[in-house]
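Take a look at the structure below.
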């Protein structure tokens, strides 16, 4: 019964983006390709490193939307599910179409994440992230993010090697400042990302996911295919 208690909550959460009045991007579907990694300095160390490399496209391939390279130092307190992270990301933002113009963003971030097992075969992870953003031709800004991630094994009771699983997440972005310089403003609600994918665990520490993400804000929406490799070293 405990497992089914969460179903109404999940329905409300994942139906949230559909209530946003947004227009579909007239361009073709985009695609993101990701490599995500994490490791510890030693086997039983409280300290480690995590990061990701993402190549994001306005289309399936070739029209660069973003090249994101991110890494951080992690700390996991003893006898606690928390993972604390401080890191930096270097981001190249492209321009849709034939233009080769790009802008650079430097982003420092602090993050807290922790897993919660909701019931038999239902694994969740909660992530809170605070970002400090330095972008070309824009004032210094901050952003708050909360993401709820769910993994549900499909052919086994637990997620282990040779497991096929369903991966879902929803992440909300809130802008810390409305004014960004030169008289420009951004809304309080920055973005919502809703994602669904199938994943497969090849072996301990190595899995792959393929699915789709829907990004929406107050007046815009776009679908992105996602192919990601997740590696624990």
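Values quoted throughout were computed directly from the atomic coordinates according to the rules given, and no laboratory measurement underlies them. Bear in mind the structure is a predicted one, so any value in this text is a computation, not a measurement. In this analysis, Cβ positions are derived from the backbone assuming ideal geometry, glycine residues included, and neighbour counts consider all displayed protein chains.
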* Asked: So which residue, out of 30, 196, 119, gets the largest mean-square fluctuation from a GNM of the chain using Cα contacts under 10 Å as springs?
  -> 119
* **GNM flexibility winner over the chain from 97, 183, 48 (Cα, springs under 10 Å)** => 183
* the stretch 41-132: relative contact order as a whole-number percent, Cα under 8 Å and 6+ apart -> 20
* **residue 92-residue 178 pseudo-label distance in nm [points 7 Å out on the Cα-to-Cβ vector]** => 3.6
* To do: Mind giving me the nanometre distance, one decimal, between the label points for residue 166 and residue 220, set 7 Å out from Cα along Cα→Cβ?
  => 3.1
* residue 99/residue 55 FRET efficiency (R0 25 Å; Cβ-Cβ; nearest 0.05) -> 0.90
* Asked: With each label point set 7 Å from Cα along the Cα-Cβ vector, what nm distance links residue 200 and residue 40?
  -> 3.0
* Mean ellipticity per residue at 222 nm, deg cm²/dmol - from DSSP H runs of n ≥ 4 across the chain, formula -39500 (n - 2.57) -> -1500 deg cm²/dmol
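For the chain, what proportion of DSSP beta bridges, expressed in % and rounded to the nearest 5, is antiparallel? Don't skip to the answer; put the middle values down first.
Values: 113 of 123 bridges.
For the chain, the DSSP antiparallel bridge percentage is about 90.
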* Once the Cα atoms of the stretch 144-233 are picked out, what are the Rg and Dmax in Å? -> 16.9, 55
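By counting other Cβ atoms within 10 Å of each Cβ, how are 182, 52 ranked from fewest to most?
182, 52
Once Rh for the chain is found with the Kirkwood sum over Cα pairs, what is the Stokes-Einstein diffusion coefficient at 37 °C and 0.692 mPa s, in µm²/s? Could you put the intermediate results ahead of the total?
Details: Rh = 19.2 Å.
After rounding, the answer is 171 µm²/s.
Which whole-number percent is the relative contact order of the chain (Cα, under 8 Å, 6+ apart)? Mind showing how you got there, number by number?
On the way: 609 pairs, mean separation 40.6, N = 233.
Taking the mean separation of contacting Cα pairs over the length of the chain, I get 17 percent.
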